[in-house]
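The structure appears right after this line, and notes come after that.
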Amino acid sequence: MKLTLDTNFKEVQKIVNKRGKDLRESTKIALLRTALAGLNIIQSRTKKGQGYKGGTFKGYSSAYSAFRRNNGRGVVPDLQFTGLMFSAMTVKANSQEAEIFFNRATEAKKAAMNDKSRPFFGFNRRERKTLSSVFERNLK
């Protein structure tokens, strides 16, 4: 069966282009919100002294524990001393991808060093499922 439509192609094209733009913007917003949820997951889990691979972080060395105690900090590994590393975490997104990153090189270097011995910068299967749900909920 052949179907012939009598329509104004320019108007249809405008509608398609507009909806495409709305879709791209909606995807960008959904990805941004998902990245923010991911940032919150990383920060709250790390503050509890837990890594994304499971379990708690290995303990600080006795010398570093003493240093922390002398400076009024706790000895449970939470990767925070001044709070600068976590305050440097931020997100960005476009219509295709989102990224969680550190906006200061010194903090990125510190995070990379910490991540080697106490993996915190990532997501386990359950967290990825949660992030998928966040994305789906926010995609209009």
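The values are calculated or read from the model by the stated rules, or taken from the named source; none is laboratory data. What you are looking at is a predicted structure, and each value in this text was computed from that prediction instead of being measured. Cβ sites come from the backbone with ideal geometry, for glycine too, and all protein chains shown count toward neighbours.
Before moving on, here are some points about what is shown:
- Hits in the stretch 74-92 - residues which are surrounded by 14 or more Cβ atoms within 10 Å (Cβ to Cβ) and modelled with pLDDT under 90: Val75, Val76, Pro77, Asp78, Leu79, Gln80
- No other residue among Asn124, Asn94, Asn114 is in contact with a helix residue (DSSP H, G or I) (Cβ under 8 Å, 6 or more places away or on another chain), among the polar types (S, T, N, Q) and within 22 Å of Gly49 (Cβ to Cβ) apart from Asn114.
- For the stretch 93-131, a residue qualifies if it is at pLDDT 90 or above, among the polar types (S, T, N, Q) and closer than 30 Å to Glu25 by Cβ, and the qualifying residues are Asn103, Thr130.
- Residues of the stretch 27-59 satisfying the condition of being under 18 Å from Arg118 (Cβ atoms), without any contact (Cβ under 8 Å) to a residue 40 or more places away in the chain and surrounded by fewer than 17 Cβ atoms within 10 Å (Cβ to Cβ): Ser44, Lys47, Lys48, Gly55, Thr56, Gly59
- Residue in the stretch 13-26 that is within 28 Å of Gly83 (Cα to Cα), of a type in the set (D, E, K, R) and at pLDDT 75 or above present: no
- Entry remark, the stretch 52-95: residues being more than 15 Å from the chain's Cα centre (by Cα) and in a loop (DSSP other than H, G, I, E, B) number 22 in total.
- Test: residue in the stretch 1-8 that is of a type outside the set (Ser, Thr, Tyr) and at pLDDT 65 or above: no
- Residues that are touching a residue at least 60 places away in the same chain (Cβ under 8 Å), outside any helix (DSSP H, G or I) and farther than 15 Å from Gln43 by Cα within the stretch 100-140 comprise Leu139, Lys140, listed in sequence order.
- Scan of the stretch 60-87 for residues that are within 14 Å of Asn114 (Cβ to Cβ) and of a type in the set (Val, Ile, Thr), ordered by number: Thr82
- Meets criteria (hydroxyl-bearing (Ser, Thr, Tyr) and in contact with a strand residue (DSSP E or B) (Cβ under 9 Å, 6 or more places away or on another chain)) for Thr56: yes
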